[in-house]
Amino acid sequence: MTTTSEPAVHGHVEDGWGKVADQFQANFEGTPGEVGAACCVYVGGRPVVDLWGGLADSETKRPWRADTIAIVASTTKGATAICAHLLAQRGELDLDAPVVDYWPEFGAGGKDQIPVRLLLSHQSGLPVVDGPLTLEQAYAWDPVIRALEAQKPEWQPGTEHVYHSITYGYLVGELVRRVSGKSLGTFFADEVAGPLGLNAWIGLPEEQEEKVARIEYAAPLSLEEMTAGMIETTGLDADTVTRWIQAVWGEGSIQARAGSLGGAFEVTSDLNAQRAYRAAEIPAGNMLTDARSLARMYAATVSDVDGVRLLDPETVERATEIQTDKTRMHGLPADLDLPADRSFNMSLGFWRACPPLPMAGPKSFGHPGSGGSVAFGEPDAEVGFGYVMNLWSFRTGEPRASSLAAAVRSCLG
């Protein structure tokens, strides 16, 4: 076992992977810098980089340890998609079948013809719940499901797309429950985390609380900074980006409403810090895990990991076919066109590599999370990658994660 020369960072780096270690250390020295973080890279089914460092809690000076876990927000969505594709691989879930074949009550409100694949690709027209819903109802699961059953699509399903920030997890999670008889968190524990020995939960047991890193927040971005970041990462012109932000994220827009879940998540306190939030199953956003587990999970979708292979190559090929290049983003002005690979390059539950999220190469697939975490797989080089941190920053194309991914690409040659 080797360690980096800086005392703040610990772990293992194989020969030829020093650029990732160097960048991980550099992230602590940058702006806004890291408080605590971890990064892991698997290649060919084994770890070549496994690093952690800094503080899990800057107030108490608790160090980030090898088994520290952090909440990873929408990076959770990739794990949820893997669960669905496991069922599809087994022949238990047909991605082209109507959702009502598995969930009959879903057909209310004119939704009886929506196929499963539209739920996975954010094209079903159900990014919001009219509500009102309380936080307690969101945690209870069934009240949200009843609301989604009654909900009418915001557009003709399959003709447009927009990010289903929270409802994605309930929609796909309920499908998994209907098919398997297990909640999403239980299915993930039994079929993914358990076989691979992951330090990962969607619905955290109380006995794991002592390992949780305390989330801290970098200074918020101004609208001008957000616009400049999107121009830089997407390569789109300033007028296009400005109109896109105003249309899709403006006050009262669908995307702005999508994160509230009918009012349930319109709270002033920090949900990430609450035991009740971490204990609930929110398959779109509350997995608690470490970088090692994320890398190991994605590695098992593209290679054998200690005798475990989650998805076969045919399943990965089907699961990662880009879907949002065929439909327009909902809410855009009629004369504004956004290429999928510059905005929302979504397959069946996974982002695909694109300029805003290049990952490890063009065949990469995975998911980023609010605040900066990201995890992905790359089938040709059999790469699994995971990065988690406890300083949440909302910069576009999060440079801490993107610089680590660039170092991985450099090491791969």
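The values are calculated or read from the model by the stated rules, or taken from the named source; none is laboratory data. On a predicted model such as this, the values are computed, not experimentally measured, just so you know. Here the Cβ is made from the backbone with ideal geometry for all residues, glycine too, and neighbour counts use every protein chain on show. Areas reflect the complete protein model, heavy atoms only, side chains present, ligands, DNA and RNA absent. Shrake-Rupley method; radii C 1.70, N 1.55, O 1.52, S 1.80 Å.
Taking the criterion of being assigned to a loop (DSSP other than H, G, I, E, B) and buried (at least 19 other Cβ atoms within 10 Å of the Cβ), the residues of region 101-121 that qualify are Y102, W103, K111, I114, S121.
Annotation: of all residues in region 165-185 being in contact with a Lys or Arg (Cβ under 9 Å, 6 or more places away or on another chain) and not small (G, A, S), the one that is farthest from T301 (Cα to Cα) is Y168.
Summed over region 216-235, the residues that are touching a Pro at 6+ places or on another chain (Cβ under 9 Å), at pLDDT 90 or above and open to solvent by 50 Å² or more (accessible area, probe 1.4 Å) give a count of 1.
Within region 44-74, the residues that satisfy the criterion of being in contact with a helix residue (DSSP H, G or I) (Cβ under 7 Å, 6 or more places away or on another chain) and under 30 Å from L119 (Cα atoms) are I69, I71.
Hey, could you check region 227-247 for residues that are without any contact (Cβ under 8 Å) to a residue 40 or more places away in the chain and β-branched (V, I, T) and say which is farthest from A353 (Cα to Cα)?
Taking region 227-247 first, the residues without any contact (Cβ under 8 Å) to a residue 40 or more places away in the chain are 227-228, 231, 237-239, 241-242, 245-246.
Next cut, β-branched (V, I, T) only: 227, 231, 241-242, 245.
On the way: T227: 21, I231: 17, V241: 20, T242: 23, I245: 22 Å.
Of everything passing the filter in region 227-247, T242 is farthest from A353 (Cα to Cα).
Scanning region 364-413 for residues that are buried (at least 24 other Cβ atoms within 10 Å of the Cβ) and part of a helix (DSSP H, G or I) yields R400, A401, L404, A405, V408. Only residues that are under 18 Å from the mean Cα position of the chain (by Cα) and either more than 24 Å from T186 (Cα to Cα) or buried (at least 24 other Cβ atoms within 10 Å of the Cβ) (or both) were counted across region 260-277, and they come to 2. In this structure, I166 does satisfy being open to solvent by 10 Å² or more (accessible area, probe 1.4 Å), in contact (Cβ under 8 Å) with a residue 24 or more places away in the chain and within 25 Å of V72 (Cβ to Cβ).
Checked against (1) touching a Ser or Thr at 6+ places or on another chain (Cβ under 8 Å); (2) crowded, with 20+ Cβ neighbours inside 10 Å; (3) farther than 17 Å from A108 by Cβ, G158 passes all but condition (2).
Listed by position, the helices (runs of 4 or more DSSP H) inside region 252-318 whose residues that are under 19 Å from A375 (Cβ atoms) and not aromatic (F, W, Y) number at least 2 are 291-302. The set of residues in region 199-224 that are in contact (Cβ under 8 Å) with a residue 60 or more places away in the chain and either touching a Cys at 6+ places or on another chain (Cβ under 7 Å) or assigned to a helix (DSSP H, G or I) (or both) comprises E206, Q208, E209, K211.
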